[in-house]
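K.L.:
The structure that follows is given in the form of structure tokens.
The values are calculated or read from the model by the stated rules, or taken from the named source; none is laboratory data. It should be emphasised that the depicted structure is a prediction, and the values quoted were computed from it without experimental measurement. Every residue, glycine among them, receives a Cβ derived from its backbone with ideal geometry; neighbour counts consider all protein chains shown. Areas reflect the complete protein model, heavy atoms only, side chains present, ligands, DNA and RNA absent. Shrake-Rupley method; radii C 1.70, N 1.55, O 1.52, S 1.80 Å.
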Amino acid sequence: MQAATQATVTCPKCGHQSKADMPLDACLWFYECPACHVVLTPQPGDCCVFCSYGDMQCPPKQEEKSCCSKE
Ligand SMILES: [Zn+2]
């Protein structure tokens, strides 16, 4: 199964939705909303902003790999 590499990120502050490319082998910890410029960071327990605010999980998680595990 091919992992999706693009996700729609919904800004928790202004509700703006934007498409963002997901790196295949890394996690994105910071994402700036293009509308209100708030910088999103992952919620506790999530590995990246896509898992917290995106409509899909990041590629490593889709493939059930441990990605950038913080442990
Ligand atoms: Zn925003």
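K.L.:
Work from the charge dipole of region 2-71 (Cβ charges, +1 for Lys and Arg, -1 for Asp and Glu, about the Cα centre) and give the residue of Thr5, Gln62, Pro42 farthest towards its positive end.
P.N.:
Pro42
K.L.:
Report, to the nearest whole %, how much of the accessible area of the chain belongs to carbon and sulfur atoms, 1.4 Å probe, protein only.
P.N.:
Reported share for carbon and sulfur atoms: 50 percent.
K.L.:
Shifting gears a bit: So what is the calculated 222 nm ellipticity per residue for the chain, using -39500 (n - 2.57) for each DSSP H run with n of 4 or more, over all residues, to the nearest 500 deg cm²/dmol?
P.N.:
-2000 deg cm²/dmol
K.L.:
Can you pull the semi-axes for region 6-62, root of five times each eigenvalue of the Cα gyration tensor, sorted largest first, whole Å?
P.N.:
17, 11, 9
K.L.:
How large is the charge dipole for the chain, taken about the Cα centre, if only the Cβ atoms of Lys, Arg (+1) and Asp, Glu (-1) carry charge, to the nearest 20 debye?
P.N.:
The dipole magnitude comes to about 160 debye.
K.L.:
Are there chymotrypsin sites (Phe, Trp or Tyr not before Pro) in the chain that DSSP marks as loop and that have at most 13 other Cβ atoms within 10 Å, and which are they?
P.N.:
Phe30
K.L.:
Sticking with this structure for a sec: What whole-number value in Å² describes the accessible area per residue of the chain for a 1.4 Å probe?
P.N.:
Accessible area per residue: 63 Å².
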